[in-house]
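The values are calculated or read from the model by the stated rules, or taken from the named source; none is laboratory data. Everything numeric here is computed off the predicted structure, so don't read it as measured data. No Cβ is skipped: glycine too gets one built from the backbone with ideal geometry, and neighbour counts run over all protein chains shown.
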Amino acid sequence: MPPRYHYNRGMNEETKITLRLPADLHQWLTAQAKSARRSLNSEIVHRLEVERDAVVADHESP
């Protein structure tokens, strides 16, 4: 089945995936999301974007 795309974040393309996590990691992420007043999905996206930006910045620095 091909990925499904929808456009509810401006012009950003989104892909729906199924993600399997160890139970303890799920519990930790849920707690982090709650303390940041984000959904679990938003918390995961936020953490991935922060890490991606750090990696990109590290590769761009001389």
- Among residues of the stretch 9-62, those that are surrounded by 10 or more Cβ atoms within 10 Å (Cβ to Cβ), of a type in the set (Gly, Ala, Ser) and over 13 Å from the mean Cα position of the chain (by Cα), counted: 3
- Are there any pairs, at least 6 apart or on different chains, whose C-beta atoms fall under 9 Å, with the first in the stretch 41-60 and closer than 20 Å to Arg20 by Cβ and the second assigned to a helix (DSSP H, G or I) and of a type in the set (Lys, Arg), and if so, which? Glu43/Lys34
- Reported set for the stretch 33-42 where residues are more than 17 Å from Asn12 (Cβ to Cβ) and assigned to a helix (DSSP H, G or I) is Ala33, Lys34, Ser35, Leu40
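A quick yes/no check of all residues on (1) in a helix (DSSP H, G or I); (2) aromatic (Phe, Trp, Tyr); (3) at pLDDT 95 or above; (4) out of contact with any Asp or Glu (no Cβ under 7 Å at 6 or more places or on another chain):
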site: Asn8; (1), (2), (3), (4): no, no, no, yes
site: Glu13; (1), (2), (3), (4): no, no, no, yes
site: Thr18; (1), (2), (3), (4): no, no, yes, yes
site: Leu21; (1), (2), (3), (4): no, no, yes, yes
site: His26; (1), (2), (3), (4): yes, no, yes, yes
site: Ala31; (1), (2), (3), (4): yes, no, yes, yes
site: Ile44; (1), (2), (3), (4): yes, no, yes, yes
site: Glu51; (1), (2), (3), (4): yes, no, yes, yes
site: His59; (1), (2), (3), (4): yes, no, no, yes
